[in-house]
Amino acid sequence: MPSASPYPNQFKMESPVDKPRYQYRDLDWTAKEIRVVELLPGTFQERIRIKFHHVALAPRRPSAIRLPPSRDEIQKTLPADWIVRVCLDGRFIFERIKEYEPEEPYETSWLHPVTGVDPNVSFDDNKLEYEGLSYVWAPEGSEEDALVLEPTAPSTGAASSSLSIRPNLAAALRHLRYRDIPRRMWIDALCINQTDLEERNNQVHIMCDIYRRASHVVVWLGPEMEDSKMAMAALRHLGEQAVYTERGAWRTNPPGCSNPELARASVPLPYDEQTWRSITSLLQRSWFERLWVWQEVRLADERSFMLCGPDSISLSLFRRAIFCASDKKFLPSNEVRGLILDAVEVMLPFSNQPFFRELQTLNWKGCANPRDKIYGALGAAPAAIRERITPDYSLPVETVYSQFCKAYIECLERLDFLDRCNIDAREIKGPTWVPDWSVPVDRAVRLPYADIFYAAGASAAEVSFRSDSDGTDVQVMEASGVHCGTVSFVGQKSPPASDGLLAAVKTWEAEALSTERYAPTNERSIDAFVTLLGLGYMIERWPQCNSLLTVPEAADLYGREFIDTKGDAVSHESLNFIRVRHRYFIKTDTGYMGTSHARPEIGDKLVVLLGCPSPLLVRPDPASTSEKQQYRVVGATYTHGLMDTEALLGPLPEGWRVRMARESGFFDSMHFFSVTEDKTTKEDPRLGEDPPEWERLEAVRTGNDPWNFARYRSRETRDVINSDPRLMPDALRSRGIRVGYYSLV
């Protein structure tokens, strides 16, 4: 039975050596130099011996890259009954098109069905001869000394110095070390002089290049323990049964798999309790909670693999296994599903999904330095943002965060980041419109993705900055928006877990159901209330999600099981549609009801700012004067009746409703469904004709776009914008909308 300790006593801990500490030689930054560690051969028990070499990351040469043909080129060579699909790892797979029986496996092939040629042959001579290691630093303590040899010394020669290594890295190196030949790797803790702040800044800035140029990436999950061998075997087998293609929108089985039925979502996984326990333990390892691994994994190529003790699995197979498990309708518990979904977020390939969604996911991860909440996400950022931010670990945390917010506005013209603000969860100084990303967000109370909300539609933010009156560096952000009401009632906060949730929601009922109809949307108050409790996750809005309830079903369930319930003795079914954990209930003088993670106060203003996907609560700043009213950002809300651009455009016409439609396998976008005509369109029926001075372009999403975007070109200047000109402030004012300015401090 493996030891329960995080670092099993598989080898005798070496005593400290009587050698001077290794002194790093300076890197030549003009040559884009990095250090590579050479792990010298040895047995598992022998002391770790290493050398350091300087390697220049020469500019990438496009001529050194040979790519396979495009999907469209290959499709032209296929018979009519075959289709070629692109897997998540970039490989092509061929599938015969025909009517399959419900349990019949798909006929697939990695080889061209006519020529028998594998089209997946490519090479990249820009790769360098080192492996990138992805691992967790782990806490300090029980460090051991590695011997450092001079670069030109023979492998069996005497060491000239030593270097301390933390236990998790030492365990990794012992498992990775060959017995007979050296191994070259890039390892951040060793290859960056951690005491040299300027060097750290430089190396973090080129981190993407370091992992992209590695021959492949090795993921170290930790030593063998808690039946990890069983978990690795189960996931390896599952990954061999399913392939995901078309950016996650299509699932098929690879050729020659032994259990193709496991690729189907309706087929449960055949795991006993012990196997599920082993998989749960594996997914709870700290590697999955680390921020930097996201970038390291997404830059890894198809030869990369994961190592847990002596057991390995290719990164591709692990990704396929996790995706397959996440699709299953039946899993042993919500905890397991949550761990699997967290792993899916880590394993998603680079895609065109909005950067802020990537940032939001990454900010749920852990890192030692709070500045890395931004610096660790730059690998996913649009180039324009990366160019504006140079890592500098000497800057105060609030300055790093403020610089990012300004760069985000300049590049994307959106205020999505305001959804992360919470006036009660701040440890940094500075303006309240700058979120404190250093404060961790618990899984149970994470905000829904801001990108599923459309309070401001595809409008661009209209902002300006100025220094506060006292002349300090604190900036005031002037933002355009619409006033939607003043908070007149605040309900008690719901708990972060299921216990006590129903009792808390019960206390909101009197205010929520005080009238038969909900005035802002002219629907039954009970329907509005249950939609609020579900944060809009109802099947009318998400028709592809069969597990969701319809609004009438949720209202009926509330009436049958919930409204008459004393305490929390309610079926598990009731808890599934209620998503308002750790939230306050609010009501405004204009009749709106909503919820917020941040603590509201009576008198807070409810506003929709242009470019911000959620309605915000802002609070008059005590230092304001009658001549200069300023506000502090309290936090984002889910406000029923304001989530679909109603503040700017009014309600949808009779017979229309919002539907979320699949844009790819990873995310959905806002569409409009006409009940009377039974048709779906991306065009908002509330918007009129395009302005004559603007030319509409095809809105093909790129990684540089915000979630809610459009594409227009000025006929006069030829400038292209990522927003809808019909939602510009002057256009809104011409519709009678009172667009004001809010000074946020």
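Key figures
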read-out	value
Tabulated pairs, region 145-158, first assigned by TED's automatic domain parsing to the domain that holds PRO41 and among the acidic types (Asp, Glu), second loosely packed, with under 11 Cβ neighbours inside 10 Å and modelled with pLDDT under 90, C-beta under 6 angstrom, 6+ apart or interchain	ASP145/PRO16
Residues of region 195-220 classified as of a type in the set (Ser, Thr, Tyr) and under 19 Å from LEU133 (Cβ atoms), total	2
Within region 587-616, tally of residues that are over 25 Å from the mean Cα position of the chain (by Cα) and closer than 25 Å to LEU732 by Cβ	11
Number of the condition not met by SER215 [criteria: (1) touching a Pro at 6+ places or on another chain (Cβ under 7 Å); (2) surrounded by fewer than 22 Cβ atoms within 10 Å (Cβ to Cβ); (3) of a type in the set (Gly, Ala, Ser)]	(1)
Matching helices (runs of 4 or more DSSP H) fully within region 310-404 where at least 1 residues are closer than 27 Å to ASN202 by Cβ	334-347, 355-362, 372-375, 383-388
All positions within region 619-661 that are among the hydroxyl-bearing types (Ser, Thr, Tyr) and crowded, with 20+ Cβ neighbours inside 10 Å	TYR631, THR637, TYR638, THR639, THR645
Lone unmet requirement of (1) in a loop (DSSP other than H, G, I, E, B); (2) without any contact (Cβ under 8 Å) to a residue 12 or more places away in the chain; (3) within 30 Å of ALA380 (Cα to Cα) for PRO270	(3)
Selected residue (only one of ASP621, ASP644 is over 19 Å from ALA461 (Cβ atoms), touching a strand residue (DSSP E or B) at 6+ places or on another chain (Cβ under 9 Å) and of a type in the set (D, E, K, R))	ASP621
Among (1) part of a helix (DSSP H, G or I); (2) without any contact (Cβ under 8 Å) to a residue 40 or more places away in the chain; (3) assigned by TED's automatic domain parsing to the domain that holds PHE94, the one test that GLY256 misses	(1)
Filter pass, SER402 being at pLDDT 85 or above, outside the structural domain of ASP209 (by TED's automatic domain parsing) and closer than 17 Å to GLU199 by Cβ	no
Residue within region 670-689 that is under 28 Å from PRO349 (Cα atoms) and in a strand (DSSP E or B) present	yes
Matching residues in region 505-519 - criterion: being over 35 Å from the mean Cα position of the chain (by Cα), acidic (Asp, Glu) and surrounded by 15 or more Cβ atoms within 10 Å (Cβ to Cβ)	GLU511
THR432 being out of contact with any helix residue (DSSP H, G or I) (no Cβ under 9 Å at 6 or more places or on another chain), modelled with pLDDT under 95 and of a type in the set (Ser, Thr, Tyr)	no
Conditions (1) in contact (Cβ under 8 Å) with a residue 40 or more places away in the chain; (2) farther than 11 Å from ARG49 by Cα; (3) touching a Phe, Trp or Tyr at 6+ places or on another chain (Cβ under 9 Å); (4) of a type outside the set (Asp, Glu): number failed by ARG166	(1)
Cross-chain or 6+ apart pairs with Cβ under 9 Å, region 663-680 first and β-branched (Val, Ile, Thr), then surrounded by 15 or more Cβ atoms within 10 Å (Cβ to Cβ) and at pLDDT below 90	THR680/ALA661
Yes/no for GLU335 being among the acidic types (Asp, Glu), in contact with a Ser or Thr (Cβ under 9 Å, 6 or more places away or on another chain) and within 19 Å of ASN253 (Cα to Cα)	no
Residues satisfying the stated conditions in region 387-422, i.e. surrounded by fewer than 19 Cβ atoms within 10 Å (Cβ to Cβ), among the β-branched types (Val, Ile, Thr) and over 16 Å from PRO370 (Cβ atoms)	THR390
Test: MET185 is assigned by TED's automatic domain parsing to the domain that holds THR275 and hydrophobic (A, V, I, L, M, F, W, C)	no
Considering residues of region 520-545 that are more than 20 Å from PRO613 (Cα to Cα) and β-branched (Val, Ile, Thr) only, the residue surrounded by the fewest Cβ atoms within 10 Å (Cβ to Cβ)	ILE539
Residue count for region 577-629, restricted to those that are outside any loop (DSSP other than H, G, I, E, B) and at pLDDT 95 or above	19
Residue that is farthest from the chain's Cα centre (by Cα) [pool: residues in region 675-701 that are over 26 Å from SER734 (Cβ atoms) and surrounded by 12 or more Cβ atoms within 10 Å (Cβ to Cβ)]	THR680
Selection from region 298-325 of residues that are at pLDDT below 90 and not basic (Lys, Arg)	LEU299, ALA300, ASP301, GLU302
Qualifying residue in region 279-301 (condition: among the hydroxyl-bearing types (Ser, Thr, Tyr) and either over 25 Å from the mean Cα position of the chain (by Cα) or part of a loop (DSSP other than H, G, I, E, B) (or both))	no
In region 81-126, residue modelled with the lowest pLDDT [restricted to those that are under 19 Å from GLU240 (Cα atoms) and small (Gly, Ala, Ser)]	GLY90
When residues of region 594-618 are limited to those that are under 20 Å from ALA461 (Cα atoms) and of a type outside the set (A, V, I, L, M, F, W, C), the one surrounded by the fewest Cβ atoms within 10 Å (Cβ to Cβ)	LYS605
ILE340 closer than 25 Å to ALA172 by Cα, among the β-branched types (Val, Ile, Thr), without any contact (Cβ under 8 Å) to a residue 60 or more places away in the chain and outside the structural domain of ASP209 (by TED's automatic domain parsing)	yes
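Let's see how each residue does on (1) of a type in the set (S, T, N, Q); (2) touching a residue at least 12 places away in the same chain (Cβ under 8 Å); (3) over 22 Å from MET347 (Cβ atoms); (4) buried (at least 19 other Cβ atoms within 10 Å of the Cβ):
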{"residue": "LEU78", "(1), (2), (3), (4)": "no, yes, yes, no"}
{"residue": "ILE83", "(1), (2), (3), (4)": "no, yes, yes, no"}
{"residue": "CYS87", "(1), (2), (3), (4)": "no, yes, no, yes"}
{"residue": "ILE97", "(1), (2), (3), (4)": "no, yes, yes, no"}
{"residue": "TYR100", "(1), (2), (3), (4)": "no, no, yes, no"}
{"residue": "VAL114", "(1), (2), (3), (4)": "no, yes, yes, no"}
{"residue": "GLU129", "(1), (2), (3), (4)": "no, yes, yes, no"}
{"residue": "GLU143", "(1), (2), (3), (4)": "no, yes, yes, no"}
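Yes or no, residue by residue, for (1) among the acidic types (Asp, Glu); (2) closer than 24 Å to CYS612 by Cβ:
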position	(1), (2)
ARG657	no, yes
ASP668	yes, yes
ARG686	no, yes
GLU693	yes, no
ASP705	yes, yes
PRO725	no, yes
GLY736	no, yes
LEU744	no, yes
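The values are calculated or read from the model by the stated rules, or taken from the named source; none is laboratory data. Because the structure is a prediction, the values reported are computed rather than measured. Neighbour counts run over all protein chains shown; Cβ positions are idealised from the backbone, glycine included.
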